[in-house]
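One structure is given below, encoded as structure tokens.
Bear in mind that the values in this text are calculations on the coordinates, not laboratory data. For clarity, every value in this text was computed on a predicted model and none was experimentally measured. Because the Cβ atoms are built from the backbone with ideal geometry, glycine has one as well, and the counts that use them run over all protein chains shown.
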Amino acid sequence: MSNRIVLITGTRKGIGEELAKYYLAKGDIVIGCSRSVPEWKTSAQENYKHFQADVNDEKSVKPIFSYIRRTHGRLDALINNAGIASMNHSILTPMQSAERVLGTNTLGTFLFCREAAKVMKNHKSGRIVNFATVATPLKLEGEAIYAASKAAIVSLTQILAREYADFGITVNAVGPTPIKTDLIRGVPLEKMERLLARQAIRRYGVYEDVFNVVDFFLREQSDFITGQVIYLGGV
Amino acid sequence: MDKILGLITKEIHGFNKTLDTPINLDKGKESVLFGRDSNLQSIDFVSLIASIEQAVSDEYGKELSLVDARAMSQKNSPFRTVGSLAEYINEILKED
Ligand SMILES: NC(=O)c1ccc[n+]([C@@H]2O[C@H](COP(=O)([O-])OP(=O)(O)OC[C@H]3O[C@@H](n4cnc5c(N)ncnc54)[C@H](OP(=O)(O)O)[C@@H]3O)[C@@H](O)[C@H]2O)c1
């Protein structure tokens with residue numbers, strides 16, 4: 001039983017849901033958020049608190065952090081998992097989709113890092129894990145805005161690692177390969193196979209691959225690891 | 001206003017314990033926080049502003065951001081002295 005206070009964004013489904021269940025099963029206290037309310041339940045439900053919030057909306061995000069400060073007085077880890085994709089040729093991408101992707105992925109991540117740092121600095125320790133993607137280093141056609149929003153997350157990760165080092169906070173990122181969630185449901189199989197072929201290890205990622213990297217960043221012994229991006233699959 | 005001033009000074013007192021050169025509060029409201037006559041390092045400034053923001057938010061049960069675009073663009077920075085910061089917070093609290 002570890003009893004860490006872990007904040008995870010985008011916990012309604014996909015990787016976020018699995019991360020929440022994983023850390024709850026480890027005995028951590030998990031605070032989650034998403035735009036809609038999750039339907040899942042676990043046996044450690046009493047250790048889970050959900051906020052219905054859009055990560056890109058400062059007004060609904062701030063109360064999450066007040067809650068954490070008031071209820072727990074500290075925050076040990078933030079996992080910035082919430083993210084959306086827009087998989088389309090850039091010529092066919094409306095500005096509205098582009099803004100939503102950048103708002104959720106890049107600005108949402110920025111806002112959570114900023115607010116988390118304010119709480120974490122009080123105890124001179126904390127771990128932040130952001131979500132990158134292999135779409136950025138692989139320069140995937142059809143994912144210009146998505147890959148760009150995540151490239152920005154890499155920059156944020158590297159610079160915030162320096163800005164927050166004095167507060168004892170590490171900031172790192174995990175860059176998953178395709179994992180079978182709703183996020184990639186719309187992508188044609190043939191395109192997926194071409195993508196997998198560009199990985200050193202050619203298989204889909206699974207949730208455990210992500211847990212492993214996040215666990216590594218969260219470990220107490222990882223206090224000298226910051227500003228790093230670990231891509232899965234050998235990309 | 002006095003309550004806000006009290007909150008700010010309390011935070012600074014706590015914060016001073018962590019500083020090599022503490023913030024001098026002898027001048028009351030005119031005590032310099034940040035700017036030309038301040039020896040506060042920027043990392044300490046960031047940290048102090050965040051602590052004061054949390055203290056005010058807890059005391060008034062209201063979410064607020066001290067560092068918004070308006071604060072950063074004001075000609076006379078609200079972060080210059082203890083008094084100007086108190087006035088600025090007072091203004092923010094009066095809104096909505
Ligand atoms: N799956 C992959 O192949 C893959 C590969 C590389 C990277 N990633 C990254 O992994 C992360 C998780 O992806 P996933 O595959 O689990 O996606 P997913 O199955 O589509 O789930 C996305 C989650 O984020 C939440 N969310 C979306 N927009 C939000 C917003 N504005 N505010 C709050 N929550 C929001 C969703 O809940 P609501 O809809 O209720 O808000 C949902 O819980 C993303 O950052 C993604 O970029 C995934």
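Counting only lysines at least 8 places from residue B:29 when in the same chain, those with an alpha carbon closer than 23 Å to its own are B:3, B:10, B:17, B:75, B:94.
Taking the DSSP bridge list for the protein assembly as shown and keeping only pairs wholly inside it, about 5 percent are antiparallel. Assuming charge only on the beta carbon of Lys and Arg (+1) and of Asp and Glu (-1), the dipole of the range A:106-235 about its Cα centre is about 120 debye to the nearest 20. Rounded to the nearest 20 debye, the dipole magnitude of the range B:2-94 is 220 debye, with +1 charges on Lys and Arg beta carbons, -1 on Asp and Glu beta carbons, and the Cα centre as origin.
Among the trypsin sites (Lys or Arg not before Pro) found in the range A:80-167, those both in a DSSP coil and sparsely packed, with 13 or fewer other Cβ atoms within 10 Å of their Cβ, are A:124, A:139. For the residues of B:57-69, the average number of beta carbons from a partner chain within 10 Å of their own beta carbon is 2. Between the range A:163-235 and the range B:68-93, the C-alpha centres lie 42 angstrom from each other.
Look at the stretch A:163-174: the mean tally of other chain Cβ atoms within 10 Å of its residues' Cβ atoms is 1. Per residue, the convex hull around the alpha carbon atoms of the range B:2-94 comes to 94 Å³. Taking Lys and Arg as +1 and Asp and Glu as -1, the other residues whose beta-carbon sits under 13 Å from that of residue A:63 total 0. When +1 charges are put on Lys and Arg Cβ atoms and -1 charges on Asp and Glu Cβ atoms, the dipole computed for chain A relative to its Cα centre reaches about 240 debye.
Take the alpha carbon gyration tensor of the range A:15-72, find the square roots of its eigenvalues, order them as a ≥ b ≥ c, and report rounded if a/c is under 1.5; if not, report prolate when a/b exceeds b/c, else oblate. Oblate, since a/c reaches 1.5 and b/c is not below a/b. Of A:126, A:205, A:108, the residue with the greatest mean-square motion in the GNM of chain A, using alpha carbon springs below 10 Å, is A:205.
Take every Cα pair under 8 Å in the range A:5-234 that's 6+ residues apart, average their separations, divide by the length, and report that relative contact order as a whole percent. Relative CO of the range A:5-234 lands at 18 percent.
Taking the Cα centroid of the range A:71-110 and of the range A:1-41, what is the distance between the two, rounded to the nearest whole Å? Each part reduced to its Cα centre gives a spacing of 18 Å. The sum of -39500 (n - 2.57) across all DSSP H runs of n ≥ 4, divided by the residue count of the protein assembly as shown, sets its helix-only mean residue ellipticity at 222 nm to -13500 deg cm²/dmol. Averaging the sequence gap over all C-alpha pairs within less than 8 Å and six or more residues apart, then dividing by the number of residues, gives the range A:1-123 a relative contact order of 27 percent. Considering only A:167, A:98, A:135, and ranking their Cα positions along the charge dipole of chain A that arises from unit charges at the beta-carbon of Lys, Arg, Asp and Glu, the one farthest toward the positive end is A:167. With K and R counted +1 and D and E -1, the other residues having a Cβ less than 13 Å from that of residue A:222 yield a net charge of -2.
When you filter the trypsin sites (Lys or Arg not before Pro) in the range B:34-96 for DSSP loop state and at most 12 other Cβ atoms inside 10 Å of their Cβ, you are left with B:36, B:75. Applying both filters, DSSP loop and at most 10 other Cβ atoms within 10 Å, to the GluC sites (Glu not before Pro) of the range A:9-56 gives A:39.
Stokes-Einstein, applied to the Kirkwood radius of the protein assembly as shown over Cα pairs at a viscosity of 1.306 mPa s and 10 °C, places its translational diffusion at 75 µm² s⁻¹.
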